[in-house]
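Reading through the structure tokens given below for one structure.
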Amino acid sequence: MVRWPFFCRPAGLKRTPWPLWDVQTRHGLRTTMKFFRRHAETSGSDWSPGRLAFAAFALVGTFFAFQLLIGLSHLWVMMFGAVVIAVIIRAVADPLIRITGLPETPVVVASILLIVGSIALALTLFGAEIANQGAGLVARIPLGWDRIQQLVEDQPYAVEIRDAPAQLGAHAGRAIGWAQTFAVGVAAALTGLLLVSVAGIYLALAPAKAREGLVALVPLERRDRVRYVLDTIGRALKGWLKAQIIAMIAVGLASGIGLWIIGVPSPVALGVLTGLLNFVPIVGPILATVPAVLMAATVGWEQAAFTLLLYFVVQQVESILLVPLVQKNVASLPVIVTIFSVVAFGSLFGPLGVVLSGPLALTIFVLVNMVYRQDVLRDEAARAPGETR
């Protein structure tokens, strides 16, 4: 049965009744509109159809905006990486600007050359030795794993636990696969390092311009507060990065010297690896301990035990004495926040999220304390890392 519209129905053709679903639909629409009109009359608001349509479009737009944020998550992480590089450059440049009184731009350029020159000098002096010891490290670690398996098989209860090395080997195989995936992700992240570095240099040359660009997006009466929050985040990041760089150097030197005294092969390569991995909170020191212990196991079990003790003592000295002394409560984070930040940002952003988990967690921690606790909850006792008052 054809239902013609009223404006083009042929003459003499009777109007066909509406199907049942049309009647139910119209009844539901009438009921919904009556509800909104009644709510508008009682609340004094104007819930017109136009405003309802605008609210619906706003809801859909918010949904797609969140989808865009999630889809471009790696772009936001790369932008944050550029901020971290800019903070590192400014951590070197700002003291020089205060001491010399020279203009900002030439001092920042000199700081960049100083950082790059220091890295190039270190590679020139120790690059060949690190490469040679790194090759030996890769070649000898499987021997350490074989010795651990042999130790398990020689135990009195080897009959009951004989299958454990095989199961552990299967887990190790999966771990190797995960490590390969991780390495691919790291390689992909390194390909974008040039872009991030260039963006970081531009940010370091004109940080005030970038800050004012963000401040211009908020209402006039809130701009001073937003400017203060951004400056606080910069101070907190600067304090955290300064502490991490000093800790990386100290831990790398202490580990390398200790491994050399114990008699572990490739102490320089292991020390450099330990220092670099120490940039990642919680996870980095654990990952650095594994190759060192496996390498020591190729020499003897006494060396392996002393290596494990060495790494434990070094990490305790760093956590209890070195980091608090360097940070001076400028960028301290609760341990539980640090642990879960590594897991959360690693799951969201991959290897780059793990590497940047510390500064990301610190930034969010500052925002929560200043924007939510201080501004929303009016908590006068709330203090964020990097605050000057």
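The values are calculated or read from the model by the stated rules, or taken from the named source; none is laboratory data. Bear in mind the structure is a predicted one, so any value in this text is a computation, not a measurement. Glycine also receives a Cβ, built like all others from the backbone with ideal geometry; neighbour counts cover every protein chain displayed. With ligands, DNA and RNA removed, areas are computed over all heavy atoms of the protein, side chains included. Shrake-Rupley method; radii C 1.70, N 1.55, O 1.52, S 1.80 Å.
Segment V368..R227, full-extension length gain: 49.2 nm, with 0.36 nm per residue of separation and the alpha-carbon distance subtracted.
With 0.36 nm allotted per residue and the present C-alpha distance subtracted, the L68-L194 stretch has 42.9 nm of extension available. Is the shape of the range 249-389 best called rounded, prolate or oblate, per the rule: a/c under 1.5 gives rounded, else a/b larger than b/c gives prolate, else oblate, with a ≥ b ≥ c the square roots of the Cα gyration tensor eigenvalues? Prolate.
The simple spin-label model puts a point 7 Å past each Cα toward its Cβ; for I245 and V376 those points are separated by 3.5 nm. Shown for the range 274-389: the carbon plus sulfur share of the solvent-accessible area, taken with all protein chains present and a 1.4 angstrom probe, equals 74%.
Computing FRET efficiency as 1/(1 + (r/R0)^6) for L220 and R383, where r is the C-beta to C-beta distance and R0 is 25 Å, gives about 0.40. If you sort the three axes of the alpha carbon gyration tensor as a ≥ b ≥ c, you get a/c of 1.5 or more for the range 341-389 and a/b above b/c, which makes it prolate. What you get for the range 199-330, charging only the Cβ of Lys and Arg (+1) and of Asp and Glu (-1), is a dipole of about 640 debye around the Cα centre.
A crude spin-label estimate for the pair V109 and I336, with each label 7 Å from Cα along the Cβ direction, gives 5.1 nm. Electrostatic tally near E212: other residues with Cβ closer than 11 Å to its Cβ, Lys and Arg +1, Asp and Glu -1, net +4.
The modelled label-to-label distance between K209 and L59, using points 7 Å beyond Cα along the C-beta direction, is 4.4 nm.
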